Amino acid sequence: MGLFGKKTARYETEVDVQTKDGKSVTYRGDGVGPAGLTGDQILNSAEAAALAQEPGGRVTGSRARRAR
């Protein structure tokens, strides 16, 4: 059991972003979240976090997986 008695899982993500000035960067992260999140939920969250770091950028690719 994890957060507040609920099942949790560890996730790893990578998000590729093209910055507003045309550079390519990759943001990598891992964290703990509720077990049972869909792939879309994980990717949406990771992409939003990456774009918050690169205003005016655009996502060119993203990947997520449940960590072991």
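Every number in this text was worked out from the coordinates using simple rules, so none of it is lab data. Bear in mind that the values here come from a model prediction, so they are computed numbers and not experimental data. Neighbour counts are summed over all protein chains in view; Cβ atoms, including those assigned to glycine, are modelled from backbone coordinates with ideal geometry.
Computed quantities for the displayed model
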quantity	calculated
Label assignment, P(r) over Cα pairs in 5 Å bins from 0, in percent derived from the structure, set (1) 3, 18, 34, 29, 12, 3, 0; (2) 3, 12, 17, 14, 10, 11, 13, 10, 7, 2, 0; (3) 4, 18, 27, 19, 14, 9, 5, 3, 1	(3)
Local net charge near residue 46, Cβ-Cβ under 12 Å (Lys/Arg +1, Asp/Glu -1)	-3
Extension reserve of the residue 26-residue 68 stretch, reckoned as 0.36 nm per residue once the Cα distance is removed	13.0 nm
Rounded to 10°, Cα long-axis angle of helix 39-53 versus longest principal axis of the chain	50
Projected label distance in nm at residue 58 and residue 14, using a 7 Å step from Cα toward the beta-carbon	2.2
Total formal charge among the other residues, if their Cβ is under 15 angstrom from that of residue 59, Lys/Arg +1 and Asp/Glu -1	0
Formal net charge of residues neighbouring residue 30 (Cβ-Cβ distance under 15 Å; K, R +1; D, E -1)	+4
Taking the chain and dividing mean pair separation by its residue count, relative contact order in percent (alpha carbons under 8 Å, at least six apart)	44
Dipole in debye (nearest 20) - the chain, about Cα centre, beta carbon charges: Lys, Arg +1; Asp, Glu -1	300
